[in-house]
Amino acid sequence: TRTNPSGQKTKILLSDGSTIYLNSASTVTYPEDFQTNRKVTLEGEAFFEVAKDPDHPFSVESKGITTTALGTSFNISTFNRQDKVAVTLVTGKVKLQQLGNAKELELNPGEESLLAVDESNPTKYRVNIRDRILW
């Protein structure tokens, strides 16, 4: 577990070659054996650069929303969103899934989704990526 106090940002290099940029007032938790178990839990905000490994999907769980990627870069934020999670895709492709719901939403580069675990109709929309990741 890594936690940043307000005003501090951290770059975390994972053993699989992935990188997490953890924003201030944020916490990320991941297993010691990250090579085969690439599951991360996030509270707050982080930007992820994921190393490709088709045999071991990379997933981030945040407030009941799971974001899964094989090799990509994306931002997740839970700040000031009324229990919603904002996922912004920069490169590659990710799948979003709500806890307890088999339906998946796929994002392409330049798209974002603002989801809550109990939202019945998840949607995606185009955004200016630069506005989302320049924190």
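The values are calculated or read from the model by the stated rules, or taken from the named source; none is laboratory data. As the structure is a prediction and not an experimental result, all values here were calculated from the model. Note that we place each Cβ from the backbone using ideal geometry, even for glycine, and neighbour counts take in every protein chain shown. When the accessible area is computed, the model is the full protein with side chains, heavy atoms only, and any ligands, DNA or RNA have been set aside. Shrake-Rupley method; radii C 1.70, N 1.55, O 1.52, S 1.80 Å.
Brief remarks follow.
- Kirkwood hydrodynamic radius of the stretch 71-110, from inverse mean 1/r over distinct Cα pairs, in Å: 11.1 Å
- Sorted largest first, extent of the stretch 82-135 alpha carbons per principal axis (Å): 32, 25, 15
- For Ala116, the residues 5 or more places off, or on other chains, whose built amide H falls under 5 Å of its own are Val85.
- Hypothetical label at Thr66: residues of the stretch 103-135 whose amide nitrogen lies under 12 Å (7 Å Cα-Cβ projection): 103-104
- Normalising by residue count, the stretch 1-69 has a Cα convex hull of 71 Å³ per residue.
- Relative packing of peptides 98-106, 57-65 - highest average C-beta neighbours within 10 Å first: 57-65, 98-106
- Within the accessible area of the chain (1.4 Å probe), percent carbon and sulfur: 47 percent
- Residue-wise HN-Hα coupling along the stretch 120-128, computed from phi with Karplus coefficients 6.51, -1.76, 1.60 (Hz; x: Gly, Pro): 7, 10, x, 10, 10, 8, 7, 9, 7
- Amide proton proximity set for Ser26, modelled H, under 5 Å, gap of 5+: Asn4
- Every Cα-Cα pair of the chain was included, and the share exceeding 20 Å stands at 40 percent.
- Cα-centre dipole for the stretch 11-78 with unit charges at Cβ (Lys and Arg positive, Asp and Glu negative), debye to 20: 140 debye
- Backbone N within the stretch 46-80 under 18 Å of label point (7 Å from Ala102 Cα along the Cβ vector): 66
- Percent antiparallel among DSSP beta bridges (both partners in the chain, rounded to 5): 95 percent
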